[in-house]
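**Q** This is the structure, below, for whatever I ask next.
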Amino acid sequence: METKLIHFLETLKKQRWDDHRYYHHSRINQSLHLVSAISFLTAYVLLFIDPIAASLLAWLVAMTTRQSGHFFFEPKGYDEVNKATHEYKEQIKVGYNLNRKVVLLSIWAAIPLLVWANPIWLQKFVALNTFTNTDGFIRQTGLLWLWLGVGGVLFRTFHLFFIHNVEAAFAWMTKIMTDPFHDAKIYATSPLYLLKGQLIDPMDHGSYEEEPLPQ
């Protein structure tokens, strides 16, 4: 049991390191991840107070800042540090690569339209009532976004069971759930480097066996 735990933690550690070294070169992206991490941590607290408010904060602030960093600011050219093409990195990514994120975000963007249209099938299968005001519309949207977030994590975890293995799948799920804590730690100084004019992290901080802290 102890050996399995050690191996699991090592898998988790390597997934974290690969995520950082492959997909977080831009200091703007790193800084946006810091904003995202703080927003997600706040949403975690809100889950115990108002889950729908937590969902709205997570999707409207935490996810938009996080994903805009990947889509708009992260370099898409050849990665000289890791000697890898963008296409290769997208192919080996354990979690959601950009193409998968487009699908997920498209569903996210479509949900408010479905709530507004309020079709019969939506009420039948999701047990929503017809909203009567703006607050009702917002809260129903937040509820569906909450389920989308849970479903998105579970779907990819289940998918990884087959294309990798159970350990890798649960390591990824653990990574996703704890990323806000980890990102807040390792990207805390990224805005300072950005203010100094450093747009790209030199990534000269060793291998994954070392603590992956930006330099």
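The values are calculated or read from the model by the stated rules, or taken from the named source; none is laboratory data. The model shown is predicted, which means the values in this text are computed figures rather than measured ones. When we count neighbours, we look across all protein chains shown, and the Cβ atoms used for this are built from the backbone with ideal geometry, even at glycine. Note: areas computed on protein heavy atoms with side chains; ligands, DNA, RNA excluded. Shrake-Rupley method; radii C 1.70, N 1.55, O 1.52, S 1.80 Å.
**Q** Using only Cα atoms, find the angle between the long axis of helix 27-46 and the longest principal axis of the chain, and express it within 0 to 90 degrees, rounded to the nearest 10.
**A** Helix 27-46 sits at roughly 50 degrees to that axis.
**Q** Something else: Cα extents of the chain along the three principal axes, largest first, in whole Å?
**A** Principal extents (largest minus smallest coordinate, Cα): 56, 46, 34 Å.
**Q** Oh, and also: Could you pull out the pairs from LYS14/LYS175; LYS83/LYS185; LYS101/LYS175; LYS76/LYS101 whose alpha carbons sit more than 21 Å apart here?
**A** LYS83/LYS185
**Q** If you don't mind, there's one more thing I want to ask. Can you list residues whose amide H is under 5 Å from ALA84's amide H, if they're 5+ apart or on another chain and H is modeled 1.01 Å from N?
**A** When sequence neighbours closer than 5 places are left aside, the close amide H contacts are ASP79.
**Q** Starting at the first residue of the range 183-195, write each ³J(HN,Hα) from the Karplus equation 6.51 cos²θ - 1.76 cosθ + 1.60 with θ = phi - 60°, in whole Hz, x for Gly and Pro.
**A** Values per residue, Gly and Pro as x: 5, 4, 6, 7, 10, 4, 9, 4, x, 5, 5, 5, 5 Hz.
**Q** With the other protein chains left in place, how much accessible area per residue, in square angstrom, belongs to the chain at a 1.4 angstrom probe?
**A** 56
**Q** Sticking with this structure for a sec: Could you tell me what percent of the accessible area of the chain is made up of carbon and sulfur, with a 1.4 Å probe and every protein chain present?
**A** Roughly 69 percent of what the probe reaches on the chain is carbon or sulfur.
**Q** Check ILE200: other-chain or 5+ apart residues with amide H under 5 Å from its amide H, H built from backbone geometry?
**A** ARG27
**Q** So what's the back-of-envelope 222 nm ellipticity for the chain, counting only DSSP H runs of four-plus at -39500 (n - 2.57) apiece and dividing by all residues, rounded to 500?
**A** -22000 deg cm²/dmol
**Q** If you don't mind, there's one more thing I want to ask. Output ³J(HN,Hα) for the range 89-104: one whole-Hz value per residue in order, computed from phi by the Karplus curve 6.51 cos²θ - 1.76 cosθ + 1.60 with θ = phi - 60°, and x for Gly and Pro.
**A** Result, rounded to whole Hz: 5, 5, 6, 8, 4, 6, x, 7, 7, 4, 5, 5, 5, 4, 5, 4.
**Q** Output wanted: per-residue J couplings in Hz (rounded whole) for the range 14-25, from phi through Karplus 6.51 cos²θ - 1.76 cosθ + 1.60, θ = phi - 60°, x for Gly and Pro.
**A** With coefficients 6.51, -1.76 and 1.60, one gets 5, 4, 4, 5, 4, 4, 5, 6, 8, 10, 9, 7 Hz.
**Q** Right, next: What is the local net charge at TYR22, summed over the other residues whose Cβ is closer than 9 Å to its Cβ (Lys, Arg +1; Asp, Glu -1)?
**A** Its environment carries a net charge of 0.
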